[in-house]
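For reference, the structure is listed below as structure tokens.
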Amino acid sequence: MRLVIADAHPGLTAAIAAVFTGSLWQRCRTHLTTNVLTKVPKAAPPGVAVLVRMIFLQPDAGAVHQQAEHVLTALEPRRPEAAKVVADAFEDVLAFTAFPHERWRQIWSNNPLQRLTKEIRRRTDVVDIFPNRVAIIRLVGALRTEQHDEWAIGQRYFSREPVAQLNPELKPAPEGRLSSYPRPETRLVRQPSPSCSYTT
């Protein structure tokens, strides 16, 4: 494991340090922007968000670090609390620059996983109350399997080539291997009392 992408939740950062020893931690740029904006009055102009986004629009690693320094310099006089958030995250949020430029968009945030989490939350909210543990595992497992296959075979988030590029020591599975996993059985689960069902 060379890179772990996550937000700055204390439990996650502790687990990353304990389990993935020696790996880089890429702090999610989207979560960082949100953290910075919590230190800015809501009535303030949107300039702070624009400044932070400019860091990630640069053409190479040197320009990214230079722009990040510029953002710190611009924030410190008027928004010192926001500047401190950026300063504390400086190395972690720029970890992506150690990897090939053409892969930056895929590794500088965990947005795809966040979208999957929101979809799981949406689908489980529809059911509301599950009759048993097996029922929720079946639904969530089916959603995760579907997304896994989509990323691996359909609209690929990573194909074998970029995986090999990012991890030269890793031997990716042969083409088609991931899609051979069996999908959970499709069935309808009903609760005995108020009518509630879902299909997976």
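Give the residues of segment 104-122 that are within 17 Å of T30 (Cα to Cα) and out of contact with any Phe, Trp or Tyr (no Cβ under 7 Å at 6 or more places or on another chain), sorted by residue number. R105, S109, N110, N111, L113, Q114, R115, L116, T117, K118, listed by residue number. Selection of helices (runs of 4 or more DSSP H) fully inside segment 74-131 by the criterion of at least 3 residues being surrounded by fewer than 15 Cβ atoms within 10 Å (Cβ to Cβ) returns 80-93, 111-127.
Looking across segment 10-45 at every residue that is part of a loop (DSSP other than H, G, I, E, B) and surrounded by 10 or more Cβ atoms within 10 Å (Cβ to Cβ), the one that is modelled with the lowest pLDDT is identified as A44. The conditions are (1) under 18 Å from the mean Cα position of the chain (by Cα); (2) closer than 30 Å to R144 by Cα; (3) not assigned by TED's automatic domain parsing to the domain that holds E146, and K118 fails exactly one of them. Which is it? Result: K118 passes all but (3). Of the residues making up segment 84-105, those that are under 22 Å from W151 (Cα atoms) and in contact with a Leu (Cβ under 9 Å, 6 or more places away or on another chain) number 4.
Considering only residues that are within 14 Å of F96 (Cβ to Cβ) and either assigned to a helix (DSSP H, G or I) or not assigned by TED's automatic domain parsing to the domain that holds E91 (or both), which ones fall in segment 46-61? I55, A61 - these are the residues of segment 46-61 that are within 14 Å of F96 (Cβ to Cβ) and either assigned to a helix (DSSP H, G or I) or not assigned by TED's automatic domain parsing to the domain that holds E91 (or both).
The values are calculated or read from the model by the stated rules, or taken from the named source; none is laboratory data. In this text, all values refer to a predicted model and were calculated from it rather than measured experimentally. We place every Cβ from the backbone using ideal geometry, glycine too, and count neighbours over all the protein chains shown.
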